[in-house]
Amino acid sequence: MSSAPRALQVLVVEDEASTREELADLLADTPEVGEVYAAESGARAVQLLGATAFDAVFLDISMPGLDGMDVARVISQLSAPPSIVFVTASESHAIEAFGIGAVDYLLKPVRPERLAESVARIGTSRRAASSGGADDAEGPRDELAVVQIDHGRRTVFVRRDDVQFVEAHGDYIRLHTGQGTHLIRLSLSYLEEIWAPAGFVRVHRGYLVAVGWVHDLRVTSSSGLVACTPAGDVPVSRRHARSLREQLLEAARSGRLGRAAR
């Protein structure tokens with residue numbers, strides 16, 4: 001006879017007292033959750049993480065001093081890191097959050113049904129990690145395959161495979177798809193690193209392009225060499241032109257070119 005799953009031990013990290021108490025109360029009322037700890041700052045969270053083994057951390061992003069991303073990087077260095085769920089008032093950090101390996105990304109105010117979904121994801125993630133199965137090795141990449149963006153009562157899911165090119169906008173980036181664009185606070189260099197295995201390459205100081213979406217290269221009088229995608233033309237700098245041509249040729253040979261025509 002199999003034993004019941006152990007109740008989760010969780011940590012809530014939130015600098016606003018009312019939000020911290022509300023989230024802790026919601027978690028305490030969740031059947032899968034056992035003991036709930038709370039920290040009012042990133043520094044206090046790091047102290048607790050060093051002294052207590054948690055199954056999950058519900059982590060605010062915008063905090064004075066050590067912010068949520070700083071705490072998440074500390075968590076990633078632990079020998080048995082807890083699952084991370086980011087809880088924030090802004091949707092602009094979604095890609096970075098999943099890049100760090102977050103299980104979920106909740107937008108304030110947190111709805112009880114969405115919190116229940118997150119707790120369920122934590123349970124699934126912990127079971128996969130303890131079993132040592134193949135799903136565990138593929139988990140981070142799977143998370144990055146879809147970007148979840150919450151807009152109040154509406155949630156938008158942006159598939160990485162639908163992104164044709166990425167454009168830098170100061171501290172932000174704009175994801176270009178066939179259906180529109182999405183502006184997110186993230187560095188182009190970071191996205192280049194985590195999406196490189198999916199075929200995204202740097203073609204200009206301010207642009208990445210998905211090789212599979214390029215249907216031809218063209219020389220224009222205004223922009224010089226551009227990579228043409230259904231979502232728009234992407235400028236290609238001289239230093240990246242040769243590398244891009246080689247990757248397009250290889251993609252064509254292996255049948256990965258021309259997604260729009262499929």
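The values are calculated or read from the model by the stated rules, or taken from the named source; none is laboratory data. Just so you know, these numbers come straight off a predicted model, no measurement behind them. Accessible surface is based on the protein model in full, side chains and every heavy atom, while ligands, DNA and RNA are left aside. Shrake-Rupley method; radii C 1.70, N 1.55, O 1.52, S 1.80 Å.
How big is region 1-54 on each of its three principal axes, counting only the C-alpha atoms and giving the largest first in Å?
If we take the Cα atoms of region 1-54, the spans are 43, 25, 9 Å.
Report, by chain and number, residues whose modeled amide H sits under 5 Å from the one on L106, excluding near sequence neighbours (fewer than 5 apart, same chain).
Close amide H contacts, sequence-distant or interchain: F86, V87, T88.
Using amide H atoms built in the peptide plane, which far-off residues or other-chain residues are under 5 Å from V33 H to H?
Result for V33 returns L8.
How many angstrom lie between the Cα centre of region 7-57 and the Cα centre of region 236-255?
Cα centroid of region 7-57 versus Cα centroid of region 236-255: 48 Å apart.
With every protein chain left in place, what is the accessible area of E250 in Å² (1.4 Å probe, nearest 10)?
90
Can you tell me how much longer the chain between R205 and R6 gets when fully stretched, taken as 0.36 nm per residue apart minus their C-alpha distance, in nm with one decimal?
Full extension of this stretch gives 66.7 nm more.
Give a residue-ordered list of calculated ³J(HN,Hα) values for region 48-65 (Karplus: 6.51 cos²θ - 1.76 cosθ + 1.60, θ = phi - 60°; whole Hz; x for Gly, Pro).
5, 5, x, 10, 9, 8, 9, 8, 7, 10, 9, 10, 6, 8, 8, 9, x, x
On a full-extension model of 0.36 nm per residue, what is the gain between R185 and S79, subtracting their alpha-carbon distance, rounded to one decimal in nm?
35.2 nm
What full-extension length gain, to one decimal in nm, is calculated for A196 and S222 as 0.36 nm per residue of separation minus the Cα-Cα distance?
6.5 nm
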